[in-house]
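Student: Structure below; questions to follow.
Only the coordinates and a few stated rules stand behind these numbers; no lab work does. Here the structure is a predicted model, which means the values were calculated and not measured. All Cβ positions, glycine included, derive from the backbone under ideal geometry; neighbour counts span all protein chains shown.
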There are 2 protein chains.
Amino acid sequence: MTTRRRSNCPISFTLDLIGDRWSLLILRDLVFGRARFYRQLLESGEGIATNVLAERLRRLERVGLLSKRRDPDDRKRFIYSLTPKGLDTLPILLEMILWGAKYDPRTAAPPEFVARLRKDRERVLAEVRARAEEK
Amino acid sequence: MTTRRRSNCPISFTLDLIGDRWSLLILRDLVFGRARFYRQLLESGEGIATNVLAERLRRLERVGLLSKRRDPDDRKRFIYSLTPKGLDTLPILLEMILWGAKYDPRTAAPPEFVARLRKDRERVLAEVRARAEEK
DNA sequence: CCGGATCCGTTTCGATACTG
DNA sequence: CAGTATCGAAACGGATCCGG
């Protein structure tokens, strides 16, 4: 995961930041409020290794997609949260969810969520965003 | 690029298919009509290696995102084109373009295209789709 | 316990050279 | 033109260890 893209064509840069095997999954878990702590991210079901997770978190923080602070309620752990820049990847995530829902029977996206997303994209976007922000 | 994802959570599967360093760039070039041939894809500015491109094209074909046929006008080369499934990645690509346009000064997305995309997403989507389909 | 760091065997990547 | 063969470099993943 080093930066090595040469082109300045659209998408190229974006993939340089989040176009690896794990970053978008980490963002997904943070965006949808499934995880806030290292431990939760680690156990969110994808099977990422500890060293890889640590490296990705460092990277995502460095490029300004998330921030890390100590949990005031439990000083021995950290809270990872999205920056506005990180939260703005939500539309990308939503489109991936839609695509997966359409083409992969294996994907267990909640059907009612997908249906609402298809019908009223802007509203769902605003809702998820609001929920993520209050955390 | 083997399939090794274990989770059936949303996005996980999608990334299994197109969540690598190159697939979305290949799809971008096909979607936006910048390339149809191996050679064009190779020289589209990103610096992909020949073996990697060949492997990705094989993979994308196998999972049903693109198809390959011999060029009737020049029997010694092949035309790569998108399937409907491949073309349906367009919304993902567009969101990545928007995100990149917002956060990366290096990205050279045509400003008027980005502006139109922001203003009238559905229309731009339909236009790009139509152009891609007629090829 | 929590959040990693380190070590290490295995897999994948990628640049280049070469081929049908 | 459209790839394949090769091979070193990088990334991955599992296990284990460690400071707080």
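Student: Please list, ordered by residue number, the helices (runs of 4 or more DSSP H) wholly in the stretch B:72-135 having 3 or more residues that are farther than 21 Å from residue A:84 by Cα.
Tutor: Working: elements: B:84-87, B:90-103, B:111-119, B:121-133.
Ranges flagged: B:84-87, B:111-119, B:121-133.
Student: Which ones in the stretch B:33-49 are part of a loop (DSSP other than H, G, I, E, B) and either facing another protein chain (nearest Cβ under 9 Å) or basic (Lys, Arg) (or both)?
Tutor: First pass over the stretch B:33-49, keeping only residues part of a loop (DSSP other than H, G, I, E, B): B:33-37, B:43-49.
The answer is B:34, B:36, B:44, B:45, B:46, B:47.
Student: Here is a list of conditions, (1) free of Cβ contacts under 8 Å to residues at least 24 places away in the same chain; (2) part of a helix (DSSP H, G or I); (3) small (Gly, Ala, Ser), and residue B:67 meets all of them except one; can you say which number that is?
Tutor: (2)
Student: Filter the stretch A:50-61 for residues that are within 14 Å of chain B (Cβ to nearest Cβ) and more than 9 Å from DNA strand C (Cβ to nearest atom) and give the result.
Tutor: Applying the first criterion (within 14 Å of chain B (Cβ to nearest Cβ)) to the stretch A:50-61 yields A:52, A:56, A:60.
Listed by number, the residues that qualify are A:56, A:60.
Student: Among the residues in the stretch B:92-101, are any of a type in the set (D, E, K, R) and closer than 23 Å to residue B:19 by Cβ? Full working, then the answer.
Tutor: To start, the set of residues in the stretch B:92-101 that are of a type in the set (D, E, K, R) comprises B:95.
This time we only want the ones that are closer than 23 Å to residue B:19 by Cβ, so: B:95.
Checking the stretch B:92-101: at least one residue is of a type in the set (D, E, K, R) and closer than 23 Å to residue B:19 by Cβ.
Student: OK, next. Which ones in the stretch B:34-54 are surrounded by fewer than 17 Cβ atoms within 10 Å (Cβ to Cβ) and near DNA strand D (Cβ under 6 Å from one of its atoms)?
Tutor: Selection gives B:37, B:39, B:50, B:51, B:54.
Student: May I pose another question? Going by the conditions given, is residue A:87 within 14 Å of chain B (Cβ to nearest Cβ) and surrounded by 14 or more Cβ atoms within 10 Å (Cβ to Cβ)?
Tutor: Here the answer is yes, as residue A:87 does meet what is asked.
Student: For the stretch A:24-43, enumerate the residues that are small (Gly, Ala, Ser) and more than 12 Å from DNA strand C (Cβ to nearest atom).
Tutor: Across the stretch A:24-43, the qualifying residue is only A:33.
Rundown of residues vs (1) over 11 Å from the mean Cα position of the chain (by Cα); (2) of a type in the set (A, V, I, L, M); (3) under 26 Å from residue B:90 (Cβ atoms), yes/no style:
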position	(1), (2), (3)
A:23	no, no, yes
A:48	yes, yes, no
A:75	yes, no, no
A:84	yes, no, yes
A:102	yes, no, yes
A:111	yes, no, yes
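Student: Residues of the stretch B:6-18 being assigned to a loop (DSSP other than H, G, I, E, B) and farther than 12 Å from residue A:93 by Cβ, which ones?
Tutor: B:6, B:7, B:8
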